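The block underneath contains the structure these notes are about, expressed in structure tokens.
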Amino acid sequence: MISEGPLQRVSPFTFPPRYEVPLGASEAAPREVRFLLGDDLALFERAMNLELRIVADSRAGRFRTHALAALLGLWSRSFAYRADACSLVVRGGYQSCVLLLRAACDCIGAERGLHVGGLDEFTAWLGAIGQSREHAALDIGLGRYRAGSMLAADDRLAAVYRAVTDLSMPHFGSTLLQTAPESDLQKIGIAFADSSFHLGWAQLIIGWLLELTRAQLETAAAAEDLLAVSGETKAELTNLSSEIEKALGKPDRCRVEELEGGRYLFHNFRRQASDAPRRLLL
């Protein structure tokens, strides 16, 4: 696809041999997450390892093109953001997760944009890398790139992106929901830098992690002209997608419904499984 331009060769890349969900046994939050959301996390772990299988299979020299480098760099960021978000959610770091999820969405959208027509921009940027005499530095340039239209074109990915974007902003309602989730008409109960377990937040974030990991796998499968995507891998993706759909469709799961006018209705929002489920309108 790219035959002229950049002189850099794409070296053999490194990658972790396996991904494991970080569930320590010593803290209360991981114990509750393991007990209440262990199946979801096991599904997430399987999906992340399927990504690593595709990466490993694509390491052969015939796949190491500049186009692969363009996708792999963004994919690496997406993988790291989701892995870090999972590490945070099992420790009750819900407020930080939404920023990582938003960044992962952007990277997945950019991967799709590059694959369907943006590779020339990457090639032009790569070919312009040089040495700055003025600053005695390697000048790589920022290479600004976004593919918002690719996010908008996928209803599921766009829904996650809109929700985590609004939650990551310093809006009043987003702040109250994250720092004082037990507030009501009678009280505002700020829990400053709280990291105690909250079932609703954990279900939401792990659900978004599953959705984004499915989107990343679909992105990789669509780029089979650049990556090693076997029939076995595609079959496993189909099975995982079905299981993710089933997990996200459980009626007692905390979920967000997007309403007209840019509002969000939270269903089954509660701290403990024994608490009465609440509906909150943001």
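The values are calculated or read from the model by the stated rules, or taken from the named source; none is laboratory data. On a predicted model such as this, the values are computed, not experimentally measured, just so you know. Here the Cβ positions follow ideal geometry from the backbone for every residue, glycine too, while neighbour counts run over all protein chains shown.
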Positions within segment 126-152 being closer than 20 Å to ALA104 by Cβ, of a type in the set (Gly, Ala, Ser) and free of Cβ contacts under 8 Å to residues at least 24 places away in the same chain, in sequence order: GLY143, ALA152
Residue that is nearest to LEU43 (Cα to Cα) [pool: residues in segment 58-68 that are crowded, with 20+ Cβ neighbours inside 10 Å and among the aliphatic types (A, V, I, L, M)]: LEU68
Residue match in segment 25-37 (condition: under 29 Å from ALA202 (Cα atoms), at pLDDT 90 or above and in a helix (DSSP H, G or I)): yes
Hits in segment 29-76 - residues which are under 30 Å from ARG271 (Cα atoms) and of a type in the set (Gly, Ala, Ser): ALA29, GLY38, ALA42, ALA47
Per-region count, segment 42-62, residues under 18 Å from ARG112 (Cα atoms) and either out of contact with any Leu (no Cβ under 7 Å at 6 or more places or on another chain) or not aliphatic (A, V, I, L, M) (or both): 3
Residue, farthest from ARG278 (Cα to Cα), within segment 187-201, restricted to residues that are part of a loop (DSSP other than H, G, I, E, B) and among the aliphatic types (A, V, I, L, M): ALA193
Pair list, Cβ under 7 Å, 6 or more apart: segment 165-188 residue within 12 Å of LEU282 (Cβ to Cβ), other residue among the acidic types (Asp, Glu): SER174/ASP166
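Taking VAL21, is it within 15 Å of THR213 (Cβ to Cβ), modelled with pLDDT under 95 and surrounded by 14 or more Cβ atoms within 10 Å (Cβ to Cβ)? Please lay out each step first, then the result.
Working: within 15 Å of THR213 (Cβ to Cβ): yes; modelled with pLDDT under 95: yes; surrounded by 14 or more Cβ atoms within 10 Å (Cβ to Cβ): yes.
Considered against the rule, which asks whether it is within 15 Å of THR213 (Cβ to Cβ), modelled with pLDDT under 95 and surrounded by 14 or more Cβ atoms within 10 Å (Cβ to Cβ), VAL21 comes out as yes.
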Close pairs from segment 271-282: first closer than 18 Å to PRO251 by Cβ, partner basic (Lys, Arg), Cβ under 7 Å, at least 6 apart: ALA276/ARG270; PRO277/ARG270; ARG278/ARG270
Candidate set: segment 144-186, residues that are modelled with pLDDT under 95, assigned to a loop (DSSP other than H, G, I, E, B) and within 21 Å of the chain's Cα centre (by Cα); chosen: the one nearest to ALA70 (Cα to Cα): TYR145
Count - residues of segment 242-266 that are buried (at least 17 other Cβ atoms within 10 Å of the Cβ) and closer than 23 Å to LEU185 by Cα: 5
